[in-house]
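Have a look at the structure below before the remarks.
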Amino acid sequence: MQCKGDKQMKVEFSEAQIQLMQTALDKWGLAAQAGQTIEECAELIVALQKHINRKPSQDTMEGIVDEIADVEMMLAQMRLVFGVDDDAFKMRIERKFAKLNEYLEKEVHEGDEDEQG
């Protein structure tokens, strides 16, 4: 599958946006914001299902982008709540990519063996 769009996928929040997230957390609390995170993830799932199960359209694509934005914002709030350090988080992501790479390399090599066998 060919990826669309910009290959740079950085999401950085300004200090004002981080403060706004903190204000939301202070006002509504962890339980409400964790619940909102779950809800936004569910809405992304629904948007993706619509895209897969129906003919893709500009509306379904816009819905997906909106829901990705909502999920990104809520995950950023969860990182604030749980004190997730940026450097530690980046290291975790690197480990996840290393695992993905290992898995994909294993799949490629197993595919080679199947073709030879």
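For the range 83-95, the set of residues classified as surrounded by 10 or more Cβ atoms within 10 Å (Cβ to Cβ) and either among the polar types (S, T, N, Q) or closer than 18 Å to Thr37 by Cα (or both) consists of Val84 only.
Among all positions in the range 97-110, there is at least one residue which is in a helix (DSSP H, G or I), within 27 Å of Gln17 (Cβ to Cβ) and out of contact with any Leu (no Cβ under 6 Å at 6 or more places or on another chain).
Do you know which of the residues in the range 43-77 that are of a type in the set (Gly, Ala, Ser) and over 20 Å from Met21 (Cα atoms) is surrounded by the fewest Cβ atoms within 10 Å (Cβ to Cβ)? Steps first, answer last, please.
Residues of the range 43-77 that are of a type in the set (Gly, Ala, Ser), as a first pass: 47, 57, 63, 69, 76.
Filter once more, keeping what is over 20 Å from Met21 (Cα atoms): 47, 57, 63.
On the way: Ala47: 21, Ser57: 11, Gly63: 18.
Only one residue fits best here, namely Ser57.
When you go through Asp66, Asp59 one by one, which is the residue that is over 21 Å from Lys90 (Cβ atoms) and at pLDDT 95 or above?
Details: Asp59 fails: at pLDDT 95 or above.
The unique qualifying residue is Asp66.
Cβ-Cβ distances below 8 Å connect the following pairs, each with a first residue in the range 1-26 that is at negative phi, a second residue that is at pLDDT 75 or above and part of a loop (DSSP other than H, G, I, E, B), and a separation of six or more residues or different chains: Met21/Phe13. Of the residues making up the range 40-84, not one is in contact (Cβ under 8 Å) with a residue 60 or more places away in the chain and not in a helix (DSSP H, G or I). Considered as a group, the residues in the range 7-40 that are among the hydroxyl-bearing types (Ser, Thr, Tyr) and surrounded by 10 or more Cβ atoms within 10 Å (Cβ to Cβ) include one that is nearest to Arg79 (Cα to Cα), and that residue is Thr37.
The values are calculated or read from the model by the stated rules, or taken from the named source; none is laboratory data. Computed from a predicted structure; not experimentally measured. Note that we place each Cβ from the backbone using ideal geometry, even for glycine, and neighbour counts take in every protein chain shown.
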